[in-house]
Amino acid sequence: MFKDFPTPGGAEISKSAFNDNLFDYKKFLAKLAQYWWLFVISLPICLALGFLHHKRTMPYYQVSGRVIIQDLQGSSASDNLLLRQLSMDQSAKSLEKEIFQLRSEALMTQVSKDLDLNIRYFYEGKFRDSEYYRTTPIRLIPINKDEVTFGLVWIKSDGKGNFSAHQNNNSEITSGVTQDTLTLGYAKFLVDLVNPAFQGEIRVELATHEGSAAALLNALNIMIDNQNAGTLRLSMLDPVPSRAVEVINSLVDNYNENEINKKKLVFENTSRFINERLEKINRELDSTETSVVLFQQQNQVIVPTDGLGQALQQKQSSSETVTKLQNDINTLASIKKILADKGDGRYRLLPGNLTSVEDGVITSIISQYNELILKRNKFLGNASVESPAVVRVTYQIDNLKNSVALSVDEAERMLQTQYSIAVKNQMNAQSQIYKAPTQQKEFRSISRQQELKEKLFIYLLQKREEAEITKQTYQPSVLFISKTRPQGIQNVNFTKTMGIAGVIGFLIPMLFIYIAQLFDNKVRVIEDIKKITSISILGGIPHLDKSKTNIFINDFDVIESRNMIREKINYMLPNTPGLGSVMMVTSTIPGEGKSLITTNITATFAHTNKRLIVIGADLRNPSLSQFFKENNHKGLSSYLSGIESDYKPLLHKITLDDQTGGSASFDALFGGVVPPNPSQLIGSPRLAELIEQLRKDYDYIIIDTPPVGIVSDGFSIAKLVDTCIYVVRANKLDKQALKLVNEFEHEKRLTNIGIVLNDISRGGGFRGYGYGYNYGYGYGYGRSYGQGNYVHYYNNTKK
């Protein structure tokens, strides 16, 4: 392959090199028009493929609905008021948290179980499969839903109440009538022929409920619709819109049911705890009232004086604090009792009404503990104590119990410290009223205890009633504000599909033509030459069939083309009176048709009635005689080597008949026998002497020389000529190789150059891609010349 030679001097050449990198839109559009048949082929094929794709694509429907989240960010609804006042309220709701819970795998697994979504039925159609949902003529009823695993089975009904089943290997695995048993793996099914008259085959795809839930979660999309209003949009893509509607509705229903059950359990436990405290306080209140009565019977009640008011008020405040702390200490004692229980009651919910504990750690860990207790109770509703789920949750509870116990101990130590401080404050207040009678102090102490216990008793009674009311009037957490409904097909649009197919049908030929033009590195037309070099272009010779590769034919296009070339050459030749003009014909590589161009130029100059001689100076490959159908026994090589002292006996007289009936004649000096030293002969003084003599004897001397891109013989001849006709063969020469002519001109190795483009395609197009990049010019000497490893192959018909 030729290297990229640098472009020598001249702004005009640099501009041509720059233009060589520009995309030729006109040429590209011309190629599109030329290869219109590619569009005729591509467009129908792509449209047919688009239609087939449309028919085979399973349509997916968009189903969506909007819901609103109740109690967002801890609203003041009555169902949470009690929990907040008892410090048992869970964290405030957020839209992100609700989305996470709605997308939980456990919740979707329950939906799959409720709707039996792990078993799907398909009818194989001509173009695509159709899915049955709630309308299947054959149904598999699992005997144990938890035993269903992944599988695939075909069930065929004969329309008479009989069925047969087979799997991938097409071998029948069972047959029978409706309600017979079918075993697939570890699972057993009852085959229910819903429509006994159905005749055909359906495909049944089986999956676990967990696998079905995973697929449903992939199709489910939950987005925040309005952050401030607390609304979400639930949407789902599914080929069966009715199933998607049921899935979304069931998902919301199961979520609300779980939330209601969870909160009801919390309320029940809270009510139970309140009842236990009421019983204890009721007993303490009875004892206090009895003490008041006995005291009043035994002593006269003393009314506090004004001087004792502040001390009594401080004592009252301290007493309230002591009572509150004592209540929390008792609550912690109850929790420790539950934690220490080793019997059946050890998995009970823990109370969390610790009003004096400011640290939220114990409240949070008790909340986590209660969540696990609720989950265990829920699992026990459907499974035994030995089930893996129950065992796993129990293990988590036991592990968390230690953390709860540690937190309780820490809270108890803190409360005991606070209690000691409060008692000390109470004692300080009591010391200030030491002057009061003992009876008065005892009475006030008993009365204060009575008052505090009465307030606490009334408070707990009120909360118990609120708990009972809340439990009966609890509202769902998630409510629909717009009905779940299909929104239309999302993935199938006939117009869009056919439009895309049509665009692709146009783009494929355009891309093919663009790539072909992008990687086209051959010289095709005259415009390609103009982009690479600023050297004058004399014209072009059109493509000739094999039967027209000699000059004894009458081809109008060829005759007009070579006449135009002749006129341009005349402008390049010097006007020297008494001396003929010498022109050489050369090329870059073999096979470009320089000998053919030589014969055509000779023919057109011969009809000018001037004295003309054509010389075959390509001593390495003397083929010029073949175009004139003459022998090549003796010629220029004999004269240059000294075998012949005079050139005239070596001449051949050639006569050409023209279309008007006239004739033209000229002399021809062919190359002769191939010598062993062609370069030495061409560079010898005898050639220069011969040219000088011929200038006197002839008006035009045309010399056919070797390719200058391969061997240097032509440069020796170039010193003796007036102009150089440089032949470039279309669809043959590499554009990079054409840049050599710029270097030859810049270095003055060739002067007064004119380019002739040979073998121009009469209809245009991308001909000649098969020529490749490797050129050769060998002569049978056991060696090769030029760029790379070239091997000469000469075929006269290609000239």
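Grab the beta carbon distance between residue 130 and residue 25, set R0 = 51 Å, and tell me the FRET efficiency rounded to 0.05.
So the FRET efficiency works out to roughly 0.55.
The listed peptides 567-579, 509-521, ordered by packing as a protection proxy, come out as 509-521, 567-579 (highest mean of other Cβ atoms within 10 Å first).
Think of a 1.4 Å ball rolled over the protein heavy atoms: the stretch 86-242 then has 51 Å² of accessible area per residue. For the stretch 149-229, the alpha-carbon radius of gyration amounts to 1.56 times the rule-of-thumb value 2.2 N^0.38 Å expected for a compact globular protein.
Checked against a 23 Å cut-off, the cross-linked pairs 530/719; 31/55; 531/732; 324/455 give Cα-Cα distances beyond that limit for 530/719; 31/55.
Based on the Cβ-Cβ distance from residue 334 to residue 380, what FRET efficiency comes out when R0 is 25 Å, to the nearest 0.05? It comes to 0.60. Using the Cβ-Cβ distance between residue 214 and residue 507 with R0 = 41 Å, the FRET efficiency computed as 1/(1 + (r/R0)^6) comes to roughly 0.60.
Semi-axes of the equivalent ellipsoid of the stretch 565-607 are 22, 12, 9 Å, computed as sqrt(5λ) over the eigenvalues of the C-alpha gyration tensor in descending order. Scaled against the 2.2 N^0.38 Å expected of a compact globular protein of N residues, the Cα radius of gyration of the stretch 90-228 reads 1.30. Let me make sure I get this right: for the stretch 566-647, a, b and c are the square roots of the gyration tensor eigenvalues over alpha carbons, sorted descending. Under 1.5 in a/c it's rounded, otherwise prolate if a/b > b/c, else oblate. Which is it? It comes out oblate by the Cα gyration axes.
How would 172, 451 line up by accessible area, probe 1.4 Å, largest first?
Final ranking, largest accessible area leading: 172, 451.
The number of Lys pairs in the stretch 586-710 with C-alpha atoms less than 19 Å apart, excluding pairs fewer than 8 positions apart on the same chain, is 9. Rolling a 1.4 Å probe over the protein heavy atoms leaves residue 375 with an accessible area of roughly 90 Å².
The values are calculated or read from the model by the stated rules, or taken from the named source; none is laboratory data. Please read these numbers as outputs of a predicted model, since none were measured by experiment. Every residue, glycine as well, gets a Cβ built from its backbone with ideal geometry; the counts of neighbours run over all protein chains shown. Heads up: the accessible areas ignore ligands, DNA and RNA and are worked out on the full protein's heavy atoms, side chains in. Shrake-Rupley method; radii C 1.70, N 1.55, O 1.52, S 1.80 Å.
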